[in-house]
Amino acid sequence: MALQNTGQLKLSEIQTEFGGTSPISLSEYYAGGAYVLSGTGDIPSSAMIEVSDFLGTQAIPNYDMTSHTRSAGATAAQVYASCTDCSSDTASMNVRVFRGYGTTTSYLQVRRIEGTTISTWWSTNGTQNALGTSYTNLGTMTGQAATAFKLYWTGADNPTSSGDSTYFVSNNSWRTLAAGQSMGGRWTASASNSGLQGNVDTDYAGGNFKLYARGTNFLDTLIMDIDLSIGASATAGDSACFPPGSKVTMSDGSTKAIETVQVGDVLLGNGGVHNTVLSLRPHEARDRFLFTINGKITTTEGHPILTEDGWKAFDPESALRIHPDMEIEQIQIGQYLTKYTNDGRRYTELVEEITDEIRTVSLYNFDVTGNDTYIVEGVVVHNK
């Protein structure tokens with residue numbers, strides 16, 4: 001509650017309003033100090049300070065963070081797009097701050113744009129959730145009448161458009177929003193390749209985003225800190241490969257690092273068949289997106305991987321450009337990989353975790369005889 005506007009103030013009343021310790025000293029209450037916010041009334045930040053400087057002033061509290069929630073503790077979100085045998089591809093994410101129609105609720109929202117290959121958001125316990133084309137509330141601010149907001153991003157490109165927001169967001173700039181209004185933008189990653197076999201171009205437009213809120217009776221406050229990833233890649237030629245060190249199972253049950261496999265080597269294939277290597281297809285990839293399942297097998301987006309429900313890939317569209325005669329669907333958490341032990345016994349493994357990274361790396365694949373399959377890190381894969 002604000003102090004009185006006229007009359008005599010007591011030091012104890014100033015202490016009650018702004019806090020502090022006894023014995024009371026006015027020197028504790030300079031603006032910008034431990035108890036008084038800079039710019040509060042006519043309270044000076046140095047030199048002479050008087051009790052009358054506090055007439056009509058009020059302590060401004062921090063926003064009550066207990067009234068702020070994240071959707072299942074959202075920590076990050078990503079969209080990713082890729083293509084093979086193409087000149088370019090793009091991935092886009094709309095990010096906006098939306099002030100609700102009620103007076104005390106606002107949201108940080110994201111959604112993917114059609115055409116994105118992979119789109120997820122993560123909770124604090126590492127759970128992945130699908131990110132759709134409708135907005136997902138990653139954060140909800142309730143209990144305070146915030147009227148202005150600021151979105152501050154680092155490591156990210158600037159947005160390409162306002163998306164479907166009321167106002168085009170500017171980095172680190174406050175914007176007052178009326179009920180039902182929003183500010184935001186569309187972040188887009190665009191990749192293109194040179195057309196050389198195996199050449200990959202990757203673009204990244206994401207970064208760290210911080211949301212601040214401003215309103216009556218609370219300080220400007222950091223509400224949410226989240227990483228948003230927007231990536232795209234375009235590959236000329238073969239997009240189905242494995243990095244060096246990936247273990248390939250030989251017909252005798254031994255394993256070889258994929259970069260050491262030679263033409264004429266005999267590999268274990270699906271069903272226990274023996275398939276001979278006909279040709280090698282190594283190439284160098286710059287800034288390439290790689291995906292890892294359960295921390296074990298790492299591959300590119302277009303390589304078909306066998307599950308108990310059939311062939312899957314991180315980017316089925318990319319895989320189908322190379323093998324239009326195959327049925328290939330999106331690989332997802334909860335599916336079961338088809339695997340073989342080194343002595344040829346078949347078993348399954350639940351897909352519990354999928355991670356991605358960008359690397360400049362040598363990649364390897366080869367053509368084989370027989371049923372066009374071989375085993376990498378125990379998992380049945382197609383030779384594409």
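Results for (1) charged (D, E, K, R); (2) more than 28 Å from THR120 (Cβ to Cβ); (3) part of a loop (DSSP other than H, G, I, E, B), shown as yes or no for each residue.
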| site | (1), (2), (3) |
| --- | --- |
| LEU306 | no, no, no |
| ALA319 | no, no, no |
| PRO324 | no, no, yes |
| ILE333 | no, no, yes |
| LEU337 | no, no, no |
| ASN371 | no, yes, yes |
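Using the structure shown, decide if GLU327 is exposed (fewer than 15 other Cβ atoms within 10 Å of the Cβ) and farther than 21 Å from THR249 by Cβ. Step through it out loud before you land on a result.
Numbers: exposed (fewer than 15 other Cβ atoms within 10 Å of the Cβ): yes; farther than 21 Å from THR249 by Cβ: yes.
Yes.
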### Task
From the list ASP252, ASP238, ASP227, ASP203, pick out the single residue that is at pLDDT below 75 and either of a type in the set (Asp, Glu) or not in a strand (DSSP E or B) (or both).
ASP238
### Task
Output yes when any residue across segment 346-355 is free of Cβ contacts under 8 Å to residues at least 40 places away in the same chain, aromatic (Phe, Trp, Tyr) and not assigned by TED's automatic domain parsing to the domain that holds ALA130, and no when none is.
yes
### Query
Could you say whether any residue in segment 95-109 is touching a Gly at 6+ places or on another chain (Cβ under 7 Å), surrounded by fewer than 23 Cβ atoms within 10 Å (Cβ to Cβ) and at pLDDT 80 or above?
yes
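Considering only segment 306-325, how many residues are β-branched (Val, Ile, Thr) and at pLDDT 90 or above?
The total comes to 1.
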### Query
Could you count how many residues in segment 93-110 are closer than 12 Å to ASP164 by Cβ and not hydrophobic (A, V, I, L, M, F, W, C)?
3
#### Entry: Candidate set from segment 308-317 (those that are in contact with a strand residue (DSSP E or B) (Cβ under 7 Å, 6 or more places away or on another chain) and part of a loop (DSSP other than H, G, I, E, B)); member that is surrounded by the fewest Cβ atoms within 10 Å (Cβ to Cβ)
GLU308
### Query
So how many residues does segment 4-33 have that are modelled with pLDDT under 90, in contact with a helix residue (DSSP H, G or I) (Cβ under 7 Å, 6 or more places away or on another chain) and part of a loop (DSSP other than H, G, I, E, B)?
1
### Test: GLY334 is on the phi > 0 side of the Ramachandran plot and loosely packed, with under 13 Cβ neighbours inside 10 Å
yes
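The values are calculated or read from the model by the stated rules, or taken from the named source; none is laboratory data. Here the structure is a predicted model, which means the values were calculated and not measured. A quick note on method: Cβ atoms are made from the backbone with ideal geometry, for glycine too, and the neighbour counts reach across all protein chains shown.
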